[in-house]
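The values are calculated or read from the model by the stated rules, or taken from the named source; none is laboratory data. Since we're looking at a predicted model, the values are computed, not measured. Please note: Cβ atoms are built from the backbone with ideal geometry, for glycine as well, and neighbour counts cover all protein chains shown. These area figures cover heavy atoms from the full protein model, side chains too; ligands, DNA and RNA do not enter into them. Shrake-Rupley method; radii C 1.70, N 1.55, O 1.52, S 1.80 Å.
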Amino acid sequence: MKIDKDAFQKYDIPGPRYTSYPTAPQWTPDVTGDTYASVLNAFGQNDKTLSLYVHIPFCEKLCYYCACNKVIRPNEPKVGDEFLCHLFREIDMVASHFNRRKLIRQLHWGGGTPTYLSEDQCEKLFFKIRSIFDIDFNGEIAIEVDPRTVTQDKLKTLRSLGFNRISIGVEDFDDKVQEDINRIMPFKQMAQVHEWCRKLKFESINFDLVYGLPHQTKETFKKTMDLVISLKPDRIALYSFAYVPWLSKPQNKFNMDAIVSPEEKLDIFIQSREVLLAHSYQAIAMDHFALESDAMAHAFNAGTLHRNFMGYTLKPADEFIGFGPSAIGFMENTYVQNIKVLPEYYECISQGRLPIERGRQLTLDDQIRQWVIGRLMCQFMVDKQTFFDKFGFEFEDYFYYELEHIRDCRENGLLLENSAQIQVTDLGKIFIRNVCMGFDIYLRQKNGHKRFSRTV
Ligand SMILES: C[S@@+](CC[C@H](N)C(=O)[O-])C[C@H]1O[C@@H](n2cnc3c(N)ncnc32)[C@H](O)[C@@H]1O
Ligand code: SF4
């Protein structure tokens, strides 16, 4: 499929990634630790399975482009020890609401840099989780690693604990770009880490790449792509640089002249996509690619993918719990988010309170739109009869206002529609965020619109 530049220009507007609906700007502080406690009480009495996210916020050095929630600290064991002490108290507080052991189907350690923790600290954390929860070791047990700091021994420890998926921050191999983003990592180092991961038989290796970074050009990023292809990771997340200096102050360090123009950014994306497609990768929605032989590509083709805060997943759990600063949970139709600022998170836990900063209890309309957006993002279709069976409304009646958006998407080749279904086309899969935006009632109300990065 050829991508037309006009379409890119038309759809390159600020928009959410829809890892949640309603999206984070709609979450409010009236959802508190007390709300969370009552939600946990209900969740703790049922047999629903769990997706568990642990946020480990530390990194040794700041990458200037980074928009993640992180805390920069020199690598000293006492930092990790103090963190684990609070994290374990949080885990105990949450678990005190359960009257049974819960089964984890998906476990993800993210950050920051989870491998900032020492091997001993990683083991302690894993054993703490195992002491409270059952883990399905055939599920997805994933960790994010920084290739600049991880060692072979640490990878061995992680593999022996049961981690079967690994996600590696690669971003870009060009010297000038690396210098500008303050992240020096020679290709040789990356190739070594990749070889260790292969030898340890991680079931899936993902590389994160970012396009649109300062000083990137089509030529330099083509070289990065060629080096990536030479290693053949199972999956690639090709992220559009989220330029959000109002949220992420270090991005103000970038010289505006060095920032890639929107036209060149599109060119870099289109070129990278073509390179990947020509090397046996399948495009999964907009920014994810998987080798055609990979389970994610099969699930994508079969329409059985799922999506949550951790991205696309093959093993959905019923509900989510997040531990650590800024971590998000979702259960009993309620989103909760932990306090983001580390000293405040510590203080709250020291006082014996659940460290919730904000959240959102879903209305019926939120639940309906969450379901439709979820179907569009993962199954790439909405079956109108299934919608009726689930919610008791005719699709056309409920989404009367959205019919114009659907018509517009159809005319632009993003959607197909008949009396039974709306279906996302291959082009629509690339612009899936834009397709979903038409079903987001809060964007219609223009509430929080400007707080998102651009969709392309
Ligand atoms: C938590 S980091 C990955 C693990 C580890 N800290 C590392 O850097 O290698 C998560 C990923 O988010 C992506 N990311 C961070 N800031 C971004 C931004 N401003 N725009 C797009 N992607 C970004 C990068 O691809 C990064 O690898
Ligand atoms: S990209 Fe990774 S290592 Fe760099 S600051 Fe962000 S979280 Fe830390």
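Looking only at the stretch 367-404, count every residue that is touching a residue at least 60 places away in the same chain (Cβ under 8 Å) and within 21 Å of the chain's Cα centre (by Cα) and tell me the total. Even if it seems obvious, please write down each step before you answer.
Taking the stretch 367-404 as the starting set, the residues that turn out to be touching a residue at least 60 places away in the same chain (Cβ under 8 Å) are 369-370, 372-374, 376-381.
Still in the list and also within 21 Å of the chain's Cα centre (by Cα): 369-370, 372-374, 376-380.
Summing the residues that are touching a residue at least 60 places away in the same chain (Cβ under 8 Å) and within 21 Å of the chain's Cα centre (by Cα) in the stretch 367-404 gives 10.
Quick check: anything in the stretch 23-38 surrounded by fewer than 19 Cβ atoms within 10 Å (Cβ to Cβ) and modelled with pLDDT under 90?
There is no residue in the stretch 23-38 that is surrounded by fewer than 19 Cβ atoms within 10 Å (Cβ to Cβ) and modelled with pLDDT under 90.
Of the conditions (1) under 24 Å from Lys253 (Cα atoms); (2) modelled with pLDDT of 95 or more, Asp180 satisfies every one except a single condition; which number is it?
(2)
Is one or more of the residues making up the stretch 162-173 open to solvent by less than 10 Å² (accessible area, probe 1.4 Å), within 15 Å of ligand 2 (Cβ to nearest atom), of a type outside the set (Asp, Glu) and over 23 Å from Asp294 (Cα atoms)?
Among the residues of the stretch 162-173, not one is open to solvent by less than 10 Å² (accessible area, probe 1.4 Å), within 15 Å of ligand 2 (Cβ to nearest atom), of a type outside the set (Asp, Glu) and over 23 Å from Asp294 (Cα atoms), which makes the answer no.
Anything in the stretch 408-429 that is over 22 Å from Asp6 (Cα atoms) and either open to solvent by less than 30 Å² (accessible area, probe 1.4 Å) or free of Cβ contacts under 8 Å to residues at least 12 places away in the same chain (or both)? List them, or say none.
Answer for the stretch 408-429, where residues must be over 22 Å from Asp6 (Cα atoms) and either open to solvent by less than 30 Å² (accessible area, probe 1.4 Å) or free of Cβ contacts under 8 Å to residues at least 12 places away in the same chain (or both): Glu417, Asn418, Ile422.
Quick one: in the stretch 214-238, which of the residues that are among the charged types (D, E, K, R) and in contact with a strand residue (DSSP E or B) (Cβ under 9 Å, 6 or more places away or on another chain) is most open to solvent (accessible area, probe 1.4 Å)?
Residues of the stretch 214-238 among the charged types (D, E, K, R): 218-219, 222-223, 226, 232, 234-235.
Those still in the list that are in contact with a strand residue (DSSP E or B) (Cβ under 9 Å, 6 or more places away or on another chain) too: 232, 234-235.
Values: Lys232: 79, Asp234: 22, Arg235: 25 Å².
Per the criteria, the residue is Lys232.
Would you be able to say whether some residue in the stretch 187-209 is away from ligand 1 (no atom under 11 Å from the Cβ), more than 26 Å from Glu319 (Cα to Cα) and part of a loop (DSSP other than H, G, I, E, B)? Write out each step before concluding.
First, pick out the residues of the stretch 187-209 that are away from ligand 1 (no atom under 11 Å from the Cβ): 187-189, 191-192, 194-205.
Filter once more, so that each one left must be more than 26 Å from Glu319 (Cα to Cα): 187-189, 191-192, 194-201.
Narrowing further to those that are part of a loop (DSSP other than H, G, I, E, B): 200-201.
So far as the stretch 187-209 goes, yes, one or more of its residues are away from ligand 1 (no atom under 11 Å from the Cβ), more than 26 Å from Glu319 (Cα to Cα) and part of a loop (DSSP other than H, G, I, E, B).
Considering only the stretch 113-153, how many residues are within 16 Å of ligand 1 (Cβ to nearest atom) and open to solvent by 20 Å² or more (accessible area, probe 1.4 Å)?
4
Collect the residues in the stretch 140-177 that are aromatic (Phe, Trp, Tyr) and either touching a strand residue (DSSP E or B) at 6+ places or on another chain (Cβ under 8 Å) or modelled with pLDDT under 95 (or both), keeping them in residue-number order. Working first, answer last.
So in the stretch 140-177, the residues aromatic (Phe, Trp, Tyr) come out as 163, 173.
The one that is aromatic (Phe, Trp, Tyr) and either touching a strand residue (DSSP E or B) at 6+ places or on another chain (Cβ under 8 Å) or modelled with pLDDT under 95 (or both): Phe163.
Could you please find all residues in the stretch 35-93 being small (Gly, Ala, Ser) and within 16 Å of ligand 1 (Cβ to nearest atom)? Talk me through it step by step, then tell me what you get.
Step one: list which residues in the stretch 35-93 are small (Gly, Ala, Ser), which gives 37-38, 42, 44, 51, 67, 80.
Listed by number, the residues that qualify are Ala67, Gly80.
How many residues are farther than 13 Å from Leu213 by Cα and either part of a helix (DSSP H, G or I) or in contact (Cβ under 8 Å) with a residue 60 or more places away in the chain (or both) when one looks only at the stretch 268-281?
Of the stretch 268-281, the ones farther than 13 Å from Leu213 by Cα are 270-281.
Still in the list and also either part of a helix (DSSP H, G or I) or in contact (Cβ under 8 Å) with a residue 60 or more places away in the chain (or both): 270-278.
Number of matching residues: 9.
Report yes if Asn412 is in contact with a helix residue (DSSP H, G or I) (Cβ under 9 Å, 6 or more places away or on another chain) and at pLDDT 90 or above, otherwise no.
Values: in contact with a helix residue (DSSP H, G or I) (Cβ under 9 Å, 6 or more places away or on another chain): yes; at pLDDT 90 or above: yes.
In short, yes.
Report yes if Phe241 is open to solvent by less than 10 Å² (accessible area, probe 1.4 Å) and within 13 Å of ligand 1 (Cβ to nearest atom), otherwise no. I'd like the intermediate steps shown before the answer.
On the way: open to solvent by less than 10 Å² (accessible area, probe 1.4 Å): no; within 13 Å of ligand 1 (Cβ to nearest atom): yes.
Criteria not met by Phe241.
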